[in-house]
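To keep things clear, I will list the structure first and then write my remarks on it.
The values are calculated or read from the model by the stated rules, or taken from the named source; none is laboratory data. For clarity, every value in this text was computed on a predicted model and none was experimentally measured. Cβ placement follows ideal geometry from the backbone for every residue including glycine, while neighbour counts extend to all protein chains displayed.
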(Lines give C-alpha, C1' and ligand atoms only; values in the text may rest on other atoms or scores of the structure.)
Protein backbone atom coordinates (compact mmCIF):
# COMPACT_ATOMS: atom_id res chain seq x y z
CA UNK A 1 0.00 0.00 0.00
CA UNK A 2 2.81 2.38 0.96
CA UNK A 3 4.68 1.45 -2.20
CA UNK A 4 1.63 2.23 -4.29
CA UNK A 5 1.21 5.64 -2.61
CA UNK A 6 4.89 6.42 -3.11
CA UNK A 7 4.69 5.47 -6.78
CA UNK A 8 1.61 7.62 -7.25
CA UNK A 9 3.32 10.54 -5.53
CA UNK A 10 6.41 10.19 -7.72
CA UNK A 11 4.34 10.03 -10.91
CA UNK A 12 2.34 13.09 -9.90
CA UNK A 13 5.51 14.98 -9.06
CA UNK A 14 7.03 14.10 -12.43
CA UNK A 15 3.86 15.20 -14.24
CA UNK A 16 3.74 18.51 -12.33
CA UNK A 17 7.45 19.11 -12.95
CA UNK A 18 6.93 18.39 -16.65
CA UNK A 19 4.06 20.88 -16.86
CA UNK A 20 6.01 23.43 -14.84
CA UNK A 21 9.05 23.29 -17.13
CA UNK A 22 7.19 23.20 -20.45
CA UNK A 23 4.24 25.49 -19.68
CA UNK A 24 4.58 27.56 -16.53
CA UNK A 25 8.21 28.66 -16.93
CA UNK A 26 7.90 29.88 -20.56
CA UNK A 27 4.63 31.73 -19.87
CA UNK A 28 6.00 33.28 -16.68
CA UNK A 29 9.15 34.37 -18.53
CA UNK A 30 7.14 36.04 -21.31
CA UNK A 31 4.88 37.82 -18.82
CA UNK A 32 7.84 38.99 -16.74
CA UNK A 33 9.70 40.40 -19.73
CA UNK A 34 6.52 41.93 -21.11
CA UNK A 35 5.60 43.91 -18.02
CA UNK A 36 9.12 44.62 -16.74
CA UNK A 37 9.28 47.99 -18.58
CA UNK A 38 5.85 48.88 -17.14
CA UNK A 39 2.20 48.80 -18.15
CA UNK A 40 2.54 52.04 -20.10
CA UNK A 41 5.16 50.51 -22.39
CA UNK A 42 3.06 47.37 -22.83
CA UNK A 43 0.01 49.43 -23.76
CA UNK A 44 2.09 51.50 -26.15
CA UNK A 45 3.31 48.43 -28.05
CA UNK A 46 -0.08 46.71 -28.33
CA UNK A 47 -1.86 49.87 -29.55
CA UNK A 48 0.46 50.65 -32.43
CA UNK A 49 -1.20 50.62 -35.87
CA UNK A 50 0.73 47.44 -36.75
CA UNK A 51 -0.47 45.61 -33.62
CA UNK A 52 -4.10 46.68 -34.06
CA UNK A 53 -4.03 45.67 -37.73
CA UNK A 54 -2.46 42.30 -36.89
CA UNK A 55 -5.12 41.64 -34.24
CA UNK A 56 -7.88 42.52 -36.70
CA UNK A 57 -6.43 40.21 -39.36
CA UNK A 58 -6.12 37.35 -36.86
CA UNK A 59 -9.73 37.77 -35.73
CA UNK A 60 -11.00 38.03 -39.32
CA UNK A 61 -9.23 34.77 -40.18
CA UNK A 62 -10.79 33.10 -37.14
CA UNK A 63 -14.27 34.42 -37.98
CA UNK A 64 -14.00 33.01 -41.50
CA UNK A 65 -12.23 29.75 -40.65
CA UNK A 66 -14.39 28.56 -37.77
CA UNK A 67 -17.84 28.64 -39.48
CA UNK A 68 -16.47 26.99 -42.63
CA UNK A 69 -14.77 24.27 -40.63
CA UNK A 70 -17.89 23.75 -38.52
CA UNK A 71 -20.00 23.15 -41.64
CA UNK A 72 -17.34 20.97 -43.25
CA UNK A 73 -16.66 19.08 -40.02
CA UNK A 74 -20.30 18.22 -39.34
CA UNK A 75 -20.97 17.14 -42.92
CA UNK A 76 -17.84 14.97 -43.12
CA UNK A 77 -18.45 13.47 -39.68
CA UNK A 78 -22.00 12.50 -40.64
CA UNK A 79 -20.74 11.02 -43.91
CA UNK A 80 -18.03 8.97 -42.18
CA UNK A 81 -20.24 7.70 -39.35
CA UNK A 82 -23.64 7.37 -40.99
CA UNK A 83 -22.60 6.75 -44.59
CA UNK A 84 -21.19 3.75 -46.37
CA UNK A 85 -19.50 4.66 -49.65
CA UNK A 86 -16.45 3.69 -51.71
CA UNK A 87 -13.29 5.52 -50.73
CA UNK A 88 -14.32 6.04 -47.13
CA UNK A 89 -10.84 5.13 -45.92
CA UNK A 90 -9.32 7.66 -48.31
CA UNK A 91 -11.55 10.40 -46.88
CA UNK A 92 -10.42 9.41 -43.37
CA UNK A 93 -6.80 9.73 -44.47
CA UNK A 94 -7.42 13.11 -46.13
CA UNK A 95 -9.00 14.47 -42.94
CA UNK A 96 -5.86 13.54 -40.99
CA UNK A 97 -3.50 14.87 -43.67
CA UNK A 98 -2.93 18.26 -41.97
CA UNK A 99 -1.59 16.40 -38.92
CA UNK A 100 1.05 14.70 -41.05
CA UNK A 101 2.03 17.46 -43.49
CA UNK A 102 4.33 20.28 -42.41
CA UNK A 103 2.55 23.66 -42.43
CA UNK A 104 5.38 25.06 -44.55
CA UNK A 105 4.59 22.49 -47.23
CA UNK A 106 0.97 23.61 -47.09
CA UNK A 107 2.05 27.17 -47.77
CA UNK A 108 4.27 26.13 -50.68
CA UNK A 109 1.43 24.05 -52.14
CA UNK A 110 -0.92 27.02 -52.01
CA UNK A 111 1.64 29.16 -53.80
CA UNK A 112 1.97 26.52 -56.53
CA UNK A 113 -1.82 26.41 -56.89
CA UNK A 114 -2.82 30.06 -56.51
CA UNK A 115 0.38 31.97 -57.13
CA UNK A 116 1.59 33.54 -60.36
CA UNK A 117 1.85 30.77 -62.95
CA UNK A 118 -0.02 28.29 -60.74
CA UNK A 119 -3.01 26.18 -61.72
CA UNK A 120 -5.44 28.83 -60.51
CA UNK A 121 -3.05 31.78 -60.70
CA UNK A 122 -5.01 33.32 -63.53
CA UNK A 123 -7.58 34.52 -61.02
CA UNK A 124 -5.20 37.37 -60.19
CA UNK A 125 -5.90 38.79 -63.66
CA UNK A 126 -9.43 39.57 -62.43
CA UNK A 127 -8.01 41.69 -59.62
CA UNK A 128 -8.64 39.10 -56.91
CA UNK A 129 -5.35 38.41 -55.15
CA UNK A 130 -4.98 35.16 -53.19
CA UNK A 131 -1.31 34.65 -52.44
CA UNK A 132 0.33 37.33 -50.27
CA UNK A 133 -3.14 38.53 -49.33
CA UNK A 134 -5.88 37.71 -46.83
CA UNK A 135 -7.54 34.93 -48.93
CA UNK A 136 -4.30 32.95 -49.01
CA UNK A 137 -3.89 33.30 -45.25
CA UNK A 138 -7.46 32.10 -44.76
CA UNK A 139 -6.93 29.09 -47.06
CA UNK A 140 -3.76 28.12 -45.21
CA UNK A 141 -5.50 28.38 -41.84
CA UNK A 142 -8.53 26.40 -43.01
CA UNK A 143 -6.28 23.58 -44.17
CA UNK A 144 -4.27 23.25 -40.95
CA UNK A 145 -7.41 23.43 -38.76
CA UNK A 146 -9.50 21.11 -40.94
CA UNK A 147 -9.34 17.92 -38.76
CA UNK A 148 -10.29 19.33 -35.37
CA UNK A 149 -14.08 19.52 -35.74
CA UNK A 150 -14.24 16.14 -37.47
CA UNK A 151 -12.10 14.36 -34.89
CA UNK A 152 -14.15 15.76 -32.00
CA UNK A 153 -17.61 15.23 -33.49
CA UNK A 154 -17.08 11.82 -35.13
CA UNK A 155 -16.64 9.79 -31.88
CA UNK A 156 -19.67 11.50 -30.34
CA UNK A 157 -21.79 10.49 -33.33
CA UNK A 158 -20.61 6.90 -33.00
CA UNK A 159 -21.44 6.90 -29.31
CA UNK A 160 -24.99 8.25 -29.58
CA UNK A 161 -25.91 5.82 -32.36
CA UNK A 162 -28.91 6.21 -34.64
CA UNK A 163 -31.81 5.09 -32.42
CA UNK A 164 -33.10 8.58 -31.63
CA UNK A 165 -32.74 9.72 -35.24
CA UNK A 166 -34.67 6.67 -36.45
CA UNK A 167 -37.39 7.30 -33.87
CA UNK A 168 -37.73 10.91 -35.02
CA UNK A 169 -37.97 9.80 -38.65
CA UNK A 170 -40.63 7.27 -37.69
CA UNK A 171 -42.66 10.04 -36.05
CA UNK A 172 -42.60 12.04 -39.28
CA UNK A 173 -39.63 14.37 -38.82
CA UNK A 174 -37.80 15.34 -41.98
CA UNK A 175 -34.01 15.29 -42.25
CA UNK A 176 -33.51 18.89 -41.23
CA UNK A 177 -35.81 18.54 -38.20
CA UNK A 178 -34.01 15.36 -37.18
CA UNK A 179 -30.62 17.03 -37.50
CA UNK A 180 -31.53 20.29 -35.75
CA UNK A 181 -33.55 18.76 -32.90
CA UNK A 182 -31.83 15.42 -32.33
CA UNK A 183 -28.35 15.22 -33.87
CA UNK A 184 -27.05 18.74 -33.29
CA UNK A 185 -27.93 18.93 -29.57
CA UNK A 186 -26.31 15.52 -29.08
CA UNK A 187 -22.99 16.56 -30.64
CA UNK A 188 -22.81 20.10 -29.23
CA UNK A 189 -20.05 19.34 -26.69
CA UNK A 190 -17.86 17.67 -29.27
CA UNK A 191 -18.54 20.63 -31.53
CA UNK A 192 -17.63 23.12 -28.79
CA UNK A 193 -14.32 21.36 -28.09
CA UNK A 194 -13.59 21.24 -31.81
CA UNK A 195 -14.29 24.96 -32.10
CA UNK A 196 -11.95 25.73 -29.19
CA UNK A 197 -9.14 23.74 -30.79
CA UNK A 198 -9.81 25.36 -34.16
CA UNK A 199 -9.72 28.87 -32.71
CA UNK A 200 -6.52 28.16 -30.79
CA UNK A 201 -4.77 26.73 -33.85
CA UNK A 202 -6.06 29.51 -36.12
CA UNK A 203 -4.77 32.20 -33.77
CA UNK A 204 -1.39 30.57 -33.33
CA UNK A 205 -0.68 29.27 -36.85
CA UNK A 206 2.64 30.43 -38.21
CA UNK A 207 4.32 28.06 -40.69
CA UNK A 208 1.61 27.90 -43.34
CA UNK A 209 0.53 31.52 -43.01
CA UNK A 210 3.99 33.05 -43.28
CA UNK A 211 4.45 31.40 -46.70
CA UNK A 212 1.36 33.05 -48.20
CA UNK A 213 1.27 36.37 -46.32
CA UNK A 214 2.91 39.58 -47.45
CA UNK A 215 4.13 40.07 -43.85
CA UNK A 216 3.71 43.81 -44.21
CA UNK A 217 2.02 45.85 -41.51
CA UNK A 218 -1.42 47.11 -42.34
CA UNK A 219 -3.21 43.92 -43.37
CA UNK A 220 -0.47 41.45 -44.27
CA UNK A 221 0.36 40.23 -40.76
CA UNK A 222 -1.31 38.15 -38.11
CA UNK A 223 -0.29 38.46 -34.47
CA UNK A 224 2.08 35.50 -34.79
CA UNK A 225 3.76 37.08 -37.80
CA UNK A 226 4.00 40.39 -35.92
CA UNK A 227 5.80 38.65 -33.05
CA UNK A 228 8.25 37.08 -35.51
CA UNK A 229 8.77 40.34 -37.40
CA UNK A 230 9.42 42.38 -34.26
CA UNK A 231 11.75 39.85 -32.68
CA UNK A 232 13.73 38.69 -35.74
CA UNK A 233 13.59 41.55 -38.23
CA UNK A 234 13.24 44.64 -36.03
CA UNK A 235 15.11 43.28 -32.97
CA UNK A 236 12.33 44.81 -30.90
CA UNK A 237 12.32 42.46 -27.92
CA UNK A 238 9.75 44.26 -25.80
CA UNK A 239 7.44 44.81 -28.74
CA UNK A 240 7.58 41.09 -29.57
CA UNK A 241 6.83 40.10 -25.97
CA UNK A 242 3.92 42.54 -25.86
CA UNK A 243 2.43 41.11 -29.07
CA UNK A 244 2.92 37.56 -27.76
CA UNK A 245 1.14 38.48 -24.53
CA UNK A 246 -1.72 40.05 -26.48
CA UNK A 247 -2.04 36.87 -28.55
CA UNK A 248 -2.03 34.77 -25.39
CA UNK A 249 -4.65 37.03 -23.84
CA UNK A 250 -6.99 36.62 -26.81
CA UNK A 251 -6.60 32.83 -26.65
CA UNK A 252 -7.31 32.79 -22.90
CA UNK A 253 -10.37 35.00 -23.44
CA UNK A 254 -11.71 32.53 -26.01
CA UNK A 255 -11.23 29.65 -23.58
CA UNK A 256 -12.97 31.56 -20.79
CA UNK A 257 -15.95 32.35 -23.02
CA UNK A 258 -16.21 28.71 -24.07
CA UNK A 259 -16.09 27.63 -20.42
CA UNK A 260 -18.86 30.07 -19.49
CA UNK A 261 -21.03 28.82 -22.35
CA UNK A 262 -20.40 25.23 -21.29
CA UNK A 263 -21.37 25.92 -17.65
CA UNK A 264 -24.55 27.76 -18.68
CA UNK A 265 -25.61 24.88 -20.90
CA UNK A 266 -25.04 22.43 -18.04
CA UNK A 267 -27.15 24.60 -15.72
CA UNK A 268 -29.95 24.74 -18.31
CA UNK A 269 -29.92 20.95 -18.52
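Values for this structure:
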| item | result |
| --- | --- |
| Qualifying residue in the range 199-211 (condition: within 29 Å of residue 63 (Cβ to Cβ), surrounded by fewer than 17 Cβ atoms within 10 Å (Cβ to Cβ) and free of Cβ contacts under 8 Å to residues at least 12 places away in the same chain) | no |
| 1 or more residues at pLDDT below 90 and not assigned by TED's automatic domain parsing to the domain that holds residue 130: qualifying helices (runs of 4 or more DSSP H) within the range 4-100 | 25-35, 39-46 |
| Residue match in the range 156-163 (condition: surrounded by 12 or more Cβ atoms within 10 Å (Cβ to Cβ), on the phi > 0 side of the Ramachandran plot and outside any helix (DSSP H, G or I)) | no |
| Residue satisfying condition, being assigned by TED's automatic domain parsing to the domain that holds residue 70, exposed (fewer than 13 other Cβ atoms within 10 Å of the Cβ) and closer than 29 Å to residue 209 by Cα, within set 136, 122 | 122 |
| Residue tally, condition surrounded by 21 or more Cβ atoms within 10 Å (Cβ to Cβ) and touching a helix residue (DSSP H, G or I) at 6+ places or on another chain (Cβ under 7 Å), over the range 225-244 | 10 |
| Only listed residue being within 25 Å of residue 163 (Cβ to Cβ) and in contact (Cβ under 8 Å) with a residue 40 or more places away in the chain, chosen from 76, 62 | 76 |
| Residue within the range 245-266 that is outside any helix (DSSP H, G or I) and either touching a helix residue (DSSP H, G or I) at 6+ places or on another chain (Cβ under 9 Å) or closer than 26 Å to residue 138 by Cβ (or both) present | no |
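Results for (1) loosely packed, with under 13 Cβ neighbours inside 10 Å; (2) out of contact with any helix residue (DSSP H, G or I) (no Cβ under 8 Å at 6 or more places or on another chain); (3) part of a helix (DSSP H, G or I); (4) in contact (Cβ under 8 Å) with a residue 60 or more places away in the chain, shown as yes or no for each residue.
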residue: 154; (1), (2), (3), (4): no, no, yes, yes
residue: 166; (1), (2), (3), (4): yes, yes, yes, no
residue: 169; (1), (2), (3), (4): no, no, yes, no
residue: 188; (1), (2), (3), (4): no, no, yes, yes
residue: 197; (1), (2), (3), (4): no, no, yes, no
